[in-house]
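Quick notes on the structure that follows.
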């Protein structure tokens, strides 16, 4: 039986870090043409940021592929794990760890560019006039 505790645990460890975009594509979700982190799903509009997602329509979110499948398919934990394991049978967890590197999403201050300062000052003066 594929649903024993130890088999589910083993599959869970393997599918936990599957890329969310891969899951969204396979479930028929459509990426927004203007905002590449936004996806249109049957459950509402979802934003993706690394391993996290937020459904703005329902006001809920989560993290990881298992949570996303539970959310998109109105599934329980066990069925979500089994679906991911069946859908991504040859998934390499070491490869995913590189894709979902937390340092990629940390804020990095842009470099100063004195040549752009006059444009910024002009823009800010126009904005103040409008407000």
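Brief remarks on what is shown
- Peptides 27-37, 69-79, 13-23, 44-54 ordered by packing proxy, namely the average of other Cβ atoms within 10 Å per residue, highest first: 13-23, 44-54, 69-79, 27-37.
- Estimated FRET transfer efficiency (residue 40, residue 86; beta-carbon r; R0 41 Å; 0.05): 0.95
- Note on residue 52 and residue 22: with the Förster distance fixed at 22 Å, the Cβ-Cβ geometry gives a FRET efficiency of about 0.90.
- Per-residue extension of 0.36 nm, minus the Cα-Cα distance of residue 116 and residue 6, leaves a gain of 33.7 nm for this segment.
The numbers here are math on the coordinates, done by the rules we state, and not lab data. In this text, all values refer to a predicted model and were calculated from it rather than measured experimentally. As a convention, Cβ positions derive from the backbone with ideal geometry for all residues, glycine included, and neighbour counts pool all protein chains shown.
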